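Comments concern the structure below.
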Amino acid sequence: NRVTGLLFGLKFNDNLYKNIDLITSFGYSLRREEFEGRLSLRLGIKNFWITNLSAGYYDSSVPWQSLSPYPDIINSLGVTIGLDDQFNYYLSKGYFVEIEKKYKEKYSGKLVFLSESEKSLVEQKYQSIISTNRSVRENPKIYEGKENKISLSLRLGANPLEPQVIPLDGLLFRSDISSKFLNSDFEYRSFRLIGMLNTKTFYDELFISPYIQLMVDAGMVAGDYGPQHIFTPNT
């Protein structure tokens, strides 16, 4: 992307020992000339009111838009072949603790406490194989500071932001609370609701029935927040 450039490193996501998973990535940014990475451990718990307990540390550039149907790899491929970077970024460094409850793989809930420092990043010249000298859009500055927040996420059905071979119905809800009470430099409340509904049509079937896909994306943020905490509805 236009702040990290090419990033070379290693990524590992697998079982470490019994019911403990290790999720980590680590690399070097050729544009920022800094190391970036994240490391977390996930403990699976059976026959209990929570399914997973996770904790981790991270230091990396991240998009403002945390909920998006466009994976980083798609954006990176676009930049590589000459398209513009679609996201804005900031530097995020901190840790998190998360508890998760899953039910029959179709329903889940997460409660996360996150503590991080947030800093602005400047745009860099594109590193790509086409149109290497094209102009680079500015990466806007953010309100810098320390953020401590509690985040609650609920999912009913399929995740509407994940690629699906066969379209499935799903609903995703997320609410964030950042407060001076949590020793945060920000004081805001936000919520986001994303839903998808699929229905077959009356047209003839070839391989699968043609369908209509309806999607809603709505939310609100209020309080003392920086531009990195607003969102753009997916269209």
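The values are calculated or read from the model by the stated rules, or taken from the named source; none is laboratory data. Fair warning: this is a prediction, and the values are worked out from it, not measured in the lab. Using ideal geometry, Cβ is built from the backbone for each residue, glycine included, and neighbour counts are taken over all protein chains shown. Accessible surface is based on the protein model in full, side chains and every heavy atom, while ligands, DNA and RNA are left aside. Shrake-Rupley method; radii C 1.70, N 1.55, O 1.52, S 1.80 Å.
Alpha carbon centre of segment 1-20 versus segment 135-185: separation in Å?
20 Å
Over segment 19-61, with every protein chain in place, what whole percent of the accessible area is carbon and sulfur at 1.4 Å, could you tell me?
The C+S portion of the solvent-accessible surface of segment 19-61 is 61 percent.
If each DSSP helix of 4+ residues adds -39,500 (n - 2.57) and the sum is divided by the residues in the chain, what number results at 222 nm, nearest 500 deg cm²/dmol?
Helices in the chain give a 222 nm mean residue ellipticity of -1000 deg cm²/dmol.
Among the lysines, which fall within straight-line cross-link reach of K11, defined as a Cα-Cα distance under 20 Å, with same-chain neighbours fewer than 8 residues apart omitted?
Within the straight-line cut-off, K11 pairs with K93.
Suppose we flag GluC sites (Glu not before Pro) only when DSSP calls them loop and at most 11 other Cβ atoms lie within 10 Å. Which is the longest uninterrupted stretch of the chain?
Working: sites that count: E33, E105, E138, E205.
The longest such stretch corresponds to 34-104.
Under the rule a/c < 1.5 gives rounded, and otherwise a/b versus b/c splits prolate from oblate, where does segment 99-191 land using the Cα gyration tensor?
Taking the square roots of the gyration eigenvalues as a ≥ b ≥ c, segment 99-191 is oblate.
Sort out the exposed loop trypsin sites (Lys or Arg not before Pro) in the chain (DSSP loop, at most 15 other Cβ within 10 Å) and tell me the longest stretch that has none.
For trypsin sites (Lys or Arg not before Pro) (loop position, at most 15 other Cβ atoms within 10 Å), the longest site-free span of the chain is 142-235.
From the Cα gyration tensor of segment 1-137, with a ≥ b ≥ c the square roots of its eigenvalues, which class applies: rounded if a/c is under 1.5, or else prolate if a/b is larger than b/c, or else oblate?
prolate
Which of rounded, prolate, oblate describes the chain, given a ≥ b ≥ c as roots of the alpha-carbon gyration tensor eigenvalues and a/c under 1.5 marking rounded, otherwise prolate only if a/b is larger than b/c?
rounded
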